[in-house]
Structure formats: C-alpha cells, structure tokens
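The values are calculated or read from the model by the stated rules, or taken from the named source; none is laboratory data. Because the structure is a prediction, the values reported are computed rather than measured. Every residue, glycine among them, receives a Cβ derived from its backbone with ideal geometry; neighbour counts consider all protein chains shown.
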Amino acid sequence: MKYHGILIGDIHFDVIEIERLKYELEESFLSYLNTLEQIDYICILGDYFDHKMYLNNSSIAYCVEFMNKLVSICKKFNAPLRIIYGTESHECNQYKIFSSMFNKDKELNWKIIYQPYEEELLPGLNILYLPEERIYSKKQYYKDYLGNKNKYDYVFGHGIIQAVVPSNMTMDFKDEDDSDNHTKKSAPVFTAKELSYICRGQVYFGHYHVNTNISDKLFYTGSFTRWQHGENSPKGFYHVICDINKDEYKNRFIENYHARKYVTMVYGYNDPVMNSEEALLKELDKCDKLVKSHDVDFIKFEFNIPENHPNPQFIVEILNERYRYNDNVKTEVVNGYVEKRRNINKEKLKNTLDEYGMIFDKSLAIEDKLFYYIKKKYDREIPPVKIDKYINGLYTDLLSSN
C-alpha cells in the first residue's frame, strides 16, 4: 500500500508582504497539489506564523484563507491534517484562531501537535511528532519515544538536529542531559543517531531554513520562501511517498521557483574593482542591470578595502550615494580601511565620553552641566546661578563680568 504525504514547514506568515507570499503559495504549492490524484495526509512542520499578529494586520486574512484551502484539499481526499507547533516566539499560540473554525467539522481529521505524540496516522503508517518545547531534561522527557528501534515509519518535528544546524543557532538549545541539575528549561538538541535509531523510514524537521538532506534518511524541509541573504539553497516543500508493504520511503523536493533571488557579491583586497574608480563603476553598472532585468531581486555588496588603498573614501561614498534610496541593494564595507576608521571613531567617542561624561549625568541640572562643559572646553568658570539666569533670559551676555 502506497501513501502520499505533503510536508511544508517554516512558511512564516507576515515575514514578507502578504501579496508576494500569496503569489508564491498559490503558484508553487497549491498549484502542485491541484495536479495530484492522491494525497493521503498533509503536515505543517512548524512556524506557520512569523510573529504575533493582530486582526488589523493585512496578512491575517490570507493566513486564514490559506488554511481553509488546505482543509478543503484534505476533505476532498479524506486526508488527515497535522500541524506541529514550532518556535514559541514565532507561533505565539495563534493556532487557536483555527480551533473554533475546525474543531466541530466532522469531515476533517485534524490535530495541532503541542507535545510529543505518536499515532497510526493511516493503516500501518506509524508517525512520531516532535514539536519544539522548552523542557528540563531531554532524557526524561522523551524516554518513552527515543528507545524503540525502528518503531516509526516517519518522525516529523521542529527543532535542532545536532551536526546539521550551525552552532550559532543552538545557543538556547540543550544537548546535554547527564547532569542532575535541571533547573532551567531549554529546547532540546536531537542527534541524528537517536532519530535514525527509532525510525525505519525517514525523518523530516522544520526550523532550519536551509533545505538539507542527510544520507537520504534525515531532512530539513527548509523555509518555503526566501527573505534574506545567505540562503541560496532551493526553497520549497516535500512530496513523500512510502510503500508500507515493501518498506520503501521516497521523496520529491518540489522547488518554489517563485522565491525571490538574493545575491551576495564579495570583493576582496586583490579584486580588480579595487584598482580604479572606472573598474568599480563598471562592476556596479553590471550588477544594476541584473536587478533591473529581474534575474536577481536583491543584491548585497561586501567590500574588503585594504588599509593601503589609495582612495578608500571614494568606495564608501560612491556606495552610500548610489544605493542610499534603493531598498533592493545592501552594502557592507568591512576590514582594512573601514575597520581602522571604525576603531579610531570608537576611541574618539570613548575619549569624548571620558572627558564630557557629565553631560549625560541625569542627576545634574542643566546649568551645572554647562558650568563643567565651559570649564573643560574654554577654561572659564561661570557660576551655575549666572548660567541659569542666562537660560531664563535674565542675562543677555553670559561672558559679562556683571
């Protein structure tokens, strides 16, 4: 018996303007589902929302409309709908807006998964769901789920899988459970080994926005769309197919070709654009044509200017002037000359604060601040009472001897 499932994660409603997200969901996701003759279940792998939204938010209407469309598809195919709770700071307990809509619908088999949950979703198809939670001890909390070899056909979750996600994303996650001191809750880090051990089929997680395939066993779906630099991997969702009788588990990654394209251009010390103003302007003209041709939606320039560059200020000024009002272009000038200037400015600011820090002292009256400032700056002592009278218009000449 073959089952066809649809897995989508990290939609992040309201992270980009809703008309654009609607266009991508309609053209890349719903249009694909409408071509299928068999859908046995749909699962959202967390982070349907990007942040807490209010009723006057323009994204709310389509956020609800899209869920209604998923429900209609599920009812058409008599397919269960499962929603895994994602990161709290994104979800903000907003799925309750759907509870009143669907809880009484007897034609719909749907669940929102807030805690670890296992079920025989369809005859012979065993699923473990692992939503993201903050817990004291991973070992204790998941002891009933992480010990049975090959128990599940699929594990669907949201969170961190160790050795896949960069370390800077795991700072608030826990991967050590041997300690007896569990006084602070944090989100767990699952290992590829323990997830592979309990799953005879495949594991699919949301949370990490880069589509990732680990030995055809563990997968991050990645975010459905793209809204920032540094995520050049394809965006989209999965169509998963399993044959229960043959223990075969396959998938198709369906790419969202309508996701915006972000390009980062990096120029190092020895790049030819550093040789002349003409070479720099020629390169910028070429990149501008890319944006205008719609082959690229957003460009980020990173310039590493060496300290010995003959005219480093020109590069800084031409970038600022050229792209100041262009929201599709970001510029970042680092290292070398700019880093040296930044350090010099920091030192100047520190020295200024050390010398004139009293100006920011909230406990001092304005006349006292001016007294200290004039004394420091001009080596003149003008009594605070005289300064106060000058401020209030009782003196017209602050430096007079009267």
Problem - Within region 1-105, helices (runs of 4 or more DSSP H) holding 3 or more residues that are among the hydroxyl-bearing types (Ser, Thr, Tyr) and more than 24 Å from Gln115 (Cβ to Cβ) - result: 59-77
Exercise for the section: Would you point out which residue out of Glu302, Glu321, Glu347, Glu355 is outside the structural domain of His229 (by TED's automatic domain parsing) and touching a residue at least 24 places away in the same chain (Cβ under 8 Å)? Expected result: Glu302
Handout entry: Subset of region 45-62 (residues that are of a type in the set (A, V, I, L, M, F, W, C) and within 16 Å of Ser223 (Cα to Cα))
Key = Leu45, Phe49
Completion exercise
Taking region 269-324 and the residues there that are among the hydroxyl-bearing types (Ser, Thr, Tyr) and under 30 Å from Tyr257 (Cβ atoms), the one that is nearest to the chain's Cα centre (by Cα) would be Tyr323
Problem - Filtered residue count, region 350-369, keeping only those that are in contact with a Lys or Arg (Cβ under 9 Å, 6 or more places away or on another chain) and among the hydroxyl-bearing types (Ser, Thr, Tyr) - result: 1
Problem - Unmet requirement for Ser89, which otherwise passes all of (1) over 22 Å from His209 (Cα atoms); (2) free of Cβ contacts under 8 Å to residues at least 40 places away in the same chain; (3) out of contact with any strand residue (DSSP E or B) (no Cβ under 9 Å at 6 or more places or on another chain) - result: (1)
Practice task
Would you be able to say whether some residue in region 6-17 is buried (at least 16 other Cβ atoms within 10 Å of the Cβ), assigned by TED's automatic domain parsing to the domain that holds Arg134 and over 16 Å from Asn256 (Cβ atoms)?
Solution key: yes
Handout entry: Listing of strands (runs of 3 or more DSSP E) fully contained in region 194-296 that carry 1 or more residues being among the acidic types (Asp, Glu)
Key = 236-243, 248-255
